[in-house]
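Enquirer: Before anything else, here's the structure in question.
The values are calculated or read from the model by the stated rules, or taken from the named source; none is laboratory data. In this text, all values refer to a predicted model and were calculated from it rather than measured experimentally. As a convention, Cβ positions derive from the backbone with ideal geometry for all residues, glycine included, and neighbour counts pool all protein chains shown. The protein model used for the area step is the full one, side chains on, heavy atoms only, and it has no ligands, DNA or RNA in it. Shrake-Rupley method; radii C 1.70, N 1.55, O 1.52, S 1.80 Å.
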Amino acid sequence: MLPEYRDLMTQLKSEGDAHFLKLFNEHNDLDTEIDNLEKDPVASVSRAGEIDEMKHKKLHLKDELKAYLEKVAAERA
């Protein structure tokens, strides 16, 4: 995810940036949950609508993360 910001993400993790960590962890948790549901043949069909909602939320979180990383990168430049 966002390889162009890999170094900055590592820095923010090590610094314990609370806002970044909240968004990052929520994104990763959703990613894991989506993967698990999609691997389950029953859940992937019966919970398809929920999976789609989760994917939209994950995309929104990625957009938030990118905006935050752009802001921090600009401040540190």
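Enquirer: So what's the back-of-envelope 222 nm ellipticity for the chain, counting only DSSP H runs of four-plus at -39500 (n - 2.57) apiece and dividing by all residues, rounded to 500?
Expert: -29000 deg cm²/dmol
Enquirer: Sticking with this structure for a sec: Assigning unit charges at the beta carbon (Lys, Arg +1; Asp, Glu -1) and nothing else, what dipole magnitude in debye, to the nearest 20, does the chain show about its Cα centre?
Expert: Using only the charged Cβ atoms, the result is roughly 140 debye.
Enquirer: Angle check, please: helix 18-39 long axis (alpha carbons) against the longest principal axis of the chain (alpha carbons), in degrees 0 to 90, nearest 10.
Expert: Taking Cα atoms only, the helix is inclined about 20 degrees.
Enquirer: Leaving ligands, DNA and RNA out of it, report the carbon-plus-sulfur percent of the accessible area of the chain at a 1.4 Å probe.
Expert: 51 percent
Enquirer: For the chain, with every protein chain kept in place, what is the accessible area per residue (1.4 Å probe, Å²)?
Expert: Per residue, the chain has 67 Å² of solvent-accessible surface.
Enquirer: Regarding the chain, what whole-number volume in Å³ per residue does the convex hull of its Cα atoms give?
Expert: So the per-residue Cα hull volume is 82 Å³.
Enquirer: What nm distance separates the two modelled labels at residue 47 and residue 66, each placed 7 Å from Cα along Cα→Cβ?
Expert: Spacing of the two 7 Å Cα→Cβ label points: 2.7 nm.
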